[in-house]
Amino acid sequence: MSTVPEKPTLDGIEARHSERWERERTYAWDRTAPRERTFAIDTPPPTVSGSLHMGHVFSYTHTDAVARYWRMRGKSVFYPMGWDDNGLPTERRVQNFYGVSCDPSLPYVPGFVPPFRGDPPKDHRAVPVSRPNFLELCDELTAEDEKAFEDLFRRLGLSVDWSLLYTTISPHARRTSQRAFLANLARGEAYSQEAPTLWDVDFGTAVAQAEIEDRERPGAYHSVAFHREGGGPDVVIETTRPELVPACVALVAHPDDERYRPLFGSRVRTPLFGVGVPVVAHPLAQPDKGSGIAMCCTFGDLTDVTWWRELRLELRAIVGRDGRIVADAPHGIEGAEPLARWARLAGLTVKRAQAEIVTMLRESGELLGEPRAITHPVKFYEKGDRPLEIVTSRQWYVRNGGRDRPLRDALVARGGEMAWHPEHMVHRYANWVEGLNGDWLISRQRYFGVPIPLWYRLDAQGRPDHDAPIVPDATALPIDPSTDVPPGFDAAQRGRPGGFAGDPDVMDTWATSSLTPQIAGRWVDDPDAFARIFPMDVRPQGHDIIRTWLFATMVRSHLEFDRAPWRHAALSGWILDPDRKKMSKSKGNVVTPVQLFDAYGSDAVRYWAASARPGVDTAFSEDQMKVGRKLATKLLNATKFVLGFGTAPGDDAVADPIDAGMLAGLAAVVDEATAAFADFDYARALERTEAWFWWFCDDYLELVKGRAYDDAHPGAPSARAALRRALGAVHRLLAPLLPFVTEEVWGWWREGSVHRAQWPARDELLAGVRADDDAVALLDATCAVLGAIRRTKTERKVSQRAEVARCEVHGPADRLALLAAHDGDLRNAGGVRELVYAGPDAAGDVALRATVTLA
RNA sequence: GGGCGCUUAGCUCAGCUGGUCAGAGCAUCUCCCUUACAAGGAGAGGGUCGGGGGUUCGACUCCCUCAGCGCCCACCA
């Protein structure tokens with residue numbers, strides 16, 4: 001406990017109290033607490049690929065407020081932090097930062113020094129480095145970023161237990177991730193399959209449905225003529241991707257389409273290449289789209305995949321994994337002229353190939369009319385720059401209900417078992433699960449991730465046997481199959497016929513981050529700890545990743561534990577620019593969190609964040625931070641003032657009805673704030689507490705300060721005691737929201753941290769106090785008359801200090817009687833010489849009214 | 001095309017289960033250096049609660065419908 005300073009200030013309180021909290025382990029999770037006394041939070045691990053922004057400050061503040069509330073309610077709060085440092089965003093940042101690229105075929109170079117450390121020149125060509133070297137650089141850069149992240153979160157005042165810190169690339173996370181994957185594999189929930197998948201040609205990896213987004217892109221319809229075998233008029237199709245003509249394997253129309261029904265079963269020849277393809281019927285074909293008959297290529301879009309699969313069409317793949325037309329013409333393209341045309345396409349990017357093929361179609365006369373420009377949605381990897389292609393490759397999948405109705409229904413039902421905040425977010429979840437169109441593709445052809453922990457036997461020809469992977473021993477995890485050797489083999493057999501090969505892929509980052517409860521709770525190596533935190537109380541996160549992180553976590557938990565991983569999901573909103581546009585990082589003028597902490601103080605920034613109701617998109621507002629700073633300053637000053645009255649030891653009786661009325665009002669606020677916090681509504685708790693506190697300062701404090709000052713006044717002890725009770729409650733009510741200033745003022749008169757103090761309660765506030773309706777009515781009436789007096793003084797443009805010669809109060813007799821018996825504070829605060837109670841006025845109006853005559 | 005949310009003073013928003021609300025903060029204007037705080041205090045002005053219809057004794061609050069804004073999803077050749 002320190003003493004009340006002469007000149008209270010907010011300066012420096014963040015550093016002082018952060019340091020103290022760390023030293024005293026104020027926020028340590030009590031690992032011995034049973035599950036029912038624990039409040040467990042599945043903190044979102046921010047992606048380590050740059051810097052934290054106001055969106056993080058915003059949402060993490062919300063969670064922290066709730067964490068602090070439950071801690072004060074006596075819960076052992078499990079509040080970990082994690083860094084999501086594995087995955088593509090990190091790789092991309094490492095490439096850009098050091099000017100390197102990963103080439104797994106290169107050997108490790110000990111002591112490798114990257115060409116740059118930040119901002120390579122634009123014309124720099126990435127230096128290829130080995131996979132181990134690349135991973136070292138990833139580790140190095142993420143370590144730096146993570147330090148900055150931690151500093152920022154500490155400055156923000158997050159009450160996380162930093163000893164629980166985890167990273168998603170750590171050995172522990174890799175072990176957990178591989179263990180969970182192997183469990184999925186053992187139960188048949190994970191499987192590999194050679195199939196067409198969406199592919200990002202720049203990143204060179206498959207991507208999952210959840211990571212795809214549509215973008216509006218310019219395109220054009222091209223009318224292209226196909227020639228009927230056996231004569232007859234050409235069949236005209238319209239396509240936005242004429243470059244895929246050589247990949248065409250069929251024309252498809254709707255079974256009921258009279259125009260094309262006669263053609264079903266016949267064959268046509270493709271333009272330019274003269275490849276014979278069938279005309280077939282399928283209900284997915286839309287008669288009103290284009291000419292009503294579509295060219296099915298392998299593969300232009302997901303509909304093509306469906307047609308190809310369901311109609312058992314040929315495979316004629318022409319786009320390579322690099323996004324270029326492959327060198328060798330697909331089967332069916334033969335003869336001098338077609339092959340000459342193919343030669344003009346081979347090696348071109350898809351975009352260039354389109355231009356070339358349009359030229360050729362013009363030359364051959366098979367392009368009818370000119371292309372007609374349109375804008376249409378095109379599928380992109382959400383982090384990618386070029387449209388996705390579809391290529392056939394072997395990938396690993398985890399069942400998620402996308403191909404399995406019962407599982408899908410079960411997962412939807414799981415969502416219904418949880419409480420969602422706000423409630424309507426459950427629709428996003430259900431909507432997504434209902435719309436799944438395939439299992440979860442978890443393998444990625446990347447490097448900085450958790451390896452798929454499998455090897456494959458190679459047959460005499462050196463071909464891998466994918467049907468019976470070699471599984472590592474559980475105790476050996478984590479493993480890297482590209483360097484570790486499977487049991488029963490030796491290193492020399494790697495890649496040799498009769499030997500083995502490691503799975504070359506890593507798991508998607510969501511495949512690991514979907515296990516945050518298991519990672520943070522130490523599922524694999526501390527089952528006792530895990531049992532104390534699982535299922536967790538709340539998953540806080542942004543609503544944009546319901547379909548990814550939330551759903552993926554649900555899938556893993558459902559499959560592994562047959563239950564939802566949390567009881568609540570709390571979805572936070574977005575930060576918008578002051579002009580209500582989604583805040584973009586690309587704008588150069590974005591203010592950094594640290595600048596705002598410096599300018600207004602952490603509590604003030606938190607105040608802004610906590611003012612937004614859960615799940616609501618919110619405008620960035622420095623004005624709101626200024627208001628928060630005012631509140632913090634007010635708390636300093638009011639506390640200093642109240643504590644300055646002093647108190648006699650043991651004299652804590654609240655006897656005066658004015659004081660009792662005040663405490664009754666505060667008790668109601670405590671009830672409201674408590675209910676609000678329990679419902680994750682930190683904003684309502686703040687709003688109610690704040691509004692009451694300003695009333696407390698402006699009305700109650702003004703009303704009783706004269707009495708509290710006056711040692712000779714018999715009501716002084718009651719006022720002082722009530723003021724201190726109220727103050728103690730306000731400090732604690734605001735502690736979850738403004739942790740620094742409340743800790744500061746609490747320290748002036750109480751032992752220990754306010755953040756470990758017990759949450760205020762009605763009974764505690766009103767113990768021994770006669771807080772009946774009369775007390776509340778009296779205080780109410782007193783404030784009403786005081787208000788009338790103030791209004792008069794303001795209207796007359798005199799100081800509030802000016803004396804009132806006479807104040808005549810009209811109103812119901814019972815009210816007046818209450819007032820008459822206890823009007824000392826009113827006389828004092830209003831400067832009233834003569835106070836007259838006149839009963840109801842002439843008109844019989846029962847409303848309380850005061851006629852004020854100034855001196 | 002499907003789903004969801006929003007539309008209340010100039011601005012940002014509260015108004016939970018229909019009958020003290022038409023409210024708060026910011027901004028604007030006026031006044032007050034009052035013995036915690038001028039990084040303060042006391043007041044004022046300002047809205048037919050998006051439009052229309054309905055249920056009801058009575059709706060910002062319930063139902064229907066229309067419009068605008070925003071978000072999510074979608075197999076869109």
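Before we move on, is A:Leu135 part of a helix (DSSP H, G or I) and over 22 Å from A:Asp385 (Cα atoms)? Walk me through it before giving the result.
Details: part of a helix (DSSP H, G or I): yes; over 22 Å from A:Asp385 (Cα atoms): yes.
Yes; evaluated as a whole, the condition is true for this residue.
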**Request:** Have a look at A:Leu141, A:Leu106, A:Leu165 and point out the one that is open to solvent by less than 50 Å² (accessible area, probe 1.4 Å) and of a type in the set (A, V, I, L, M, F, W, C).
**Result:** A:Leu141
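Checking the structure you have, find out if any residue of the stretch A:114-131 is of a type in the set (Asp, Glu), out of contact with any Leu (no Cβ under 6 Å at 6 or more places or on another chain) and at pLDDT 90 or above. Steps first, answer last, please.
Going through the stretch A:114-131, the residues of a type in the set (Asp, Glu) turn out to be A:119, A:123.
Next, from what is left, pick out any that are out of contact with any Leu (no Cβ under 6 Å at 6 or more places or on another chain): A:119, A:123.
Those left that are additionally at pLDDT 90 or above: none.
No, because not a single residue in the stretch A:114-131 is of a type in the set (Asp, Glu), out of contact with any Leu (no Cβ under 6 Å at 6 or more places or on another chain) and at pLDDT 90 or above.
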**Item:** Whichever residue in the stretch A:253-280 is aliphatic (A, V, I, L, M) and in contact with an Asp or Glu (Cβ under 9 Å, 6 or more places away or on another chain) and, among such residues, is nearest to A:Trp342 (Cα to Cα)
**Value:** A:Leu272
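With respect to A:Asp698, determine if the residue is of a type outside the set (Val, Ile, Thr), assigned to a helix (DSSP H, G or I), modelled with pLDDT under 95 and within 16 Å of RNA strand B (Cβ to nearest atom). Steps first, please.
On the way: of a type outside the set (Val, Ile, Thr): yes; assigned to a helix (DSSP H, G or I): yes; modelled with pLDDT under 95: yes; within 16 Å of RNA strand B (Cβ to nearest atom): yes.
Yes.
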**Asked** Would you pick out the residues in the stretch A:648-659 that are modelled with pLDDT of 90 or more and either open to solvent by 50 Å² or more (accessible area, probe 1.4 Å) or near RNA strand B (Cβ under 8 Å from one of its atoms) (or both)?
**Response** A:Ala655
**Asked** Would the stretch A:376-386 turn up any residue that is of a type in the set (Phe, Trp, Tyr), modelled with pLDDT of 95 or more and crowded, with 16+ Cβ neighbours inside 10 Å?
**Response** no
**Item:** Leading residue by the ranking (nearest to RNA strand B (Cβ to nearest atom)) among those in the stretch A:227-246 that are over 12 Å from A:Leu272 (Cα atoms) and of a type in the set (A, V, I, L, M)
**Value:** A:Ile237
**Asked** Residues in the stretch A:211-221: is at least one among the charged types (D, E, K, R), within 18 Å of A:Asp304 (Cα to Cα), assigned to a loop (DSSP other than H, G, I, E, B) and near RNA strand B (Cβ under 8 Å from one of its atoms)?
**Response** no
**Item:** Residue match in the stretch A:455-468 (condition: away from RNA strand B (no atom under 16 Å from the Cβ), surrounded by 15 or more Cβ atoms within 10 Å (Cβ to Cβ), modelled with pLDDT of 95 or more and under 23 Å from A:Gly87 (Cβ atoms))
**Value:** no
**Message:** Restricting to the stretch A:680-695, name every residue that is open to solvent by 10 Å² or more (accessible area, probe 1.4 Å) and within 10 Å of RNA strand B (Cβ to nearest atom).
**Reply:** A:Asp681, A:Arg684, A:Glu687, A:Arg688, A:Glu690, A:Ala691, A:Trp694, A:Trp695
**Request:** Determine whether the stretch A:8-30 contains at least one residue that is surrounded by 14 or more Cβ atoms within 10 Å (Cβ to Cβ), of a type in the set (Gly, Ala, Ser) and closer than 29 Å to A:Lys626 by Cβ.
**Result:** yes
**Message:** I need the helices (runs of 4 or more DSSP H) fully contained in the stretch A:595-686, keeping only those with at least 1 residues that are closer than 29 Å to A:Thr9 by Cα and without any contact (Cβ under 8 Å) to a residue 40 or more places away in the chain.
**Reply:** A:602-610, A:622-644
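Give the stretch A:117-133 a look and list any residue that's within 28 Å of A:Thr483 (Cα to Cα) and touching a helix residue (DSSP H, G or I) at 6+ places or on another chain (Cβ under 7 Å), or say none. Lay out the reasoning, then the answer.
Looking only at the stretch A:117-133, we keep the residues that are within 28 Å of A:Thr483 (Cα to Cα), and these are A:126-133.
Matches in the stretch A:117-133: A:Ala126 only.
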**Prompt:** What are the residues in the stretch A:770-813 that are touching a Leu at 6+ places or on another chain (Cβ under 8 Å), open to solvent by 60 Å² or more (accessible area, probe 1.4 Å) and within 10 Å of RNA strand B (Cβ to nearest atom), if any?
**Reply:** A:Arg796
**Asked** Right, A:Gly706: within 9 Å of A:Asp659 (Cβ to Cβ) and modelled with pLDDT under 95 or not?
**Response** no
**Asked** If only one of A:Arg547, A:Arg522 is open to solvent by 10 Å² or more (accessible area, probe 1.4 Å), over 20 Å from A:Asp480 (Cα atoms), modelled with pLDDT under 95 and out of contact with any strand residue (DSSP E or B) (no Cβ under 6 Å at 6 or more places or on another chain), which one is it?
**Response** A:Arg547
**Request:** Say whether the condition of being farther than 30 Å from A:Ala612 by Cα, touching a residue at least 60 places away in the same chain (Cβ under 8 Å), surrounded by fewer than 24 Cβ atoms within 10 Å (Cβ to Cβ) and within 13 Å of RNA strand B (Cβ to nearest atom) is met by at least one residue in the stretch A:708-719.
**Result:** yes
**Asked** How do the pairs read when you match residues in the stretch A:280-308 that are open to solvent by 50 Å² or more (accessible area, probe 1.4 Å) with residues anywhere that are near RNA strand B (Cβ under 6 Å from one of its atoms) and of a type in the set (Val, Ile, Thr), using Cβ under 7 Å and keeping only pairs 6 or more apart or on different chains?
**Response** A:Leu284/A:Thr303
**Request:** Within the stretch A:425-447, work out how many residues are touching a residue at least 24 places away in the same chain (Cβ under 8 Å), open to solvent by 30 Å² or more (accessible area, probe 1.4 Å), assigned to a loop (DSSP other than H, G, I, E, B) and within 13 Å of RNA strand B (Cβ to nearest atom).
**Result:** 1
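Quick check: anything in the stretch A:412-431 closer than 30 Å to A:Ala220 by Cβ and in contact with a strand residue (DSSP E or B) (Cβ under 7 Å, 6 or more places away or on another chain)? Working first, answer last.
First, the residues of the stretch A:412-431 that are closer than 30 Å to A:Ala220 by Cβ: none.
No; the residues of the stretch A:412-431 include none that is closer than 30 Å to A:Ala220 by Cβ and in contact with a strand residue (DSSP E or B) (Cβ under 7 Å, 6 or more places away or on another chain).
On the given criteria, is A:Gly188 over 30 Å from A:Ser443 (Cβ atoms), out of contact with any Asp or Glu (no Cβ under 7 Å at 6 or more places or on another chain) and either of a type outside the set (Gly, Ala, Ser) or more than 16 Å from RNA strand B (Cβ to nearest atom) (or both)?
Numbers: over 30 Å from A:Ser443 (Cβ atoms): no; out of contact with any Asp or Glu (no Cβ under 7 Å at 6 or more places or on another chain): yes; either of a type outside the set (Gly, Ala, Ser) or more than 16 Å from RNA strand B (Cβ to nearest atom) (or both): yes.
The answer is no for A:Gly188.
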**Message:** For the stretch A:42-69: of the residues being surrounded by 23 or more Cβ atoms within 10 Å (Cβ to Cβ) and over 15 Å from the mean Cα position of the chain (by Cα), which is farthest from A:Phe153 (Cα to Cα)?
**Reply:** A:Tyr69
**Asked** Among all residue pairs at least 6 apart or on different chains, which show Cβ distances below 8 Å where the first residue, located in the stretch A:759-784, is within 27 Å of A:Ala67 (Cα to Cα) and the second is of a type in the set (Phe, Trp, Tyr)?
**Response** A:Trp759/A:Tyr69
**Prompt:** Looking only at residues in the stretch A:232-248 that are over 14 Å from A:Ile333 (Cα atoms) and open to solvent by less than 40 Å² (accessible area, probe 1.4 Å), which one is farthest from the chain's Cα centre (by Cα)?
**Reply:** A:Val235
**Asked** Here are A:Val450, A:Val398: which of them is at pLDDT 95 or above and open to solvent by less than 10 Å² (accessible area, probe 1.4 Å)?
**Response** A:Val398
**Qualifying positions in the stretch A:623-647 - closer than 18 Å to A:Glu690 by Cβ and more than 10 Å from RNA strand B (Cβ to nearest atom)** = A:Met625
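The values are calculated or read from the model by the stated rules, or taken from the named source; none is laboratory data. Predicted model only: the values in this text are computed from it and were never measured. Please note: Cβ atoms are built from the backbone with ideal geometry, for glycine as well, and neighbour counts cover all protein chains shown. Accessible surface is based on the protein model in full, side chains and every heavy atom, while ligands, DNA and RNA are left aside. Shrake-Rupley method; radii C 1.70, N 1.55, O 1.52, S 1.80 Å.
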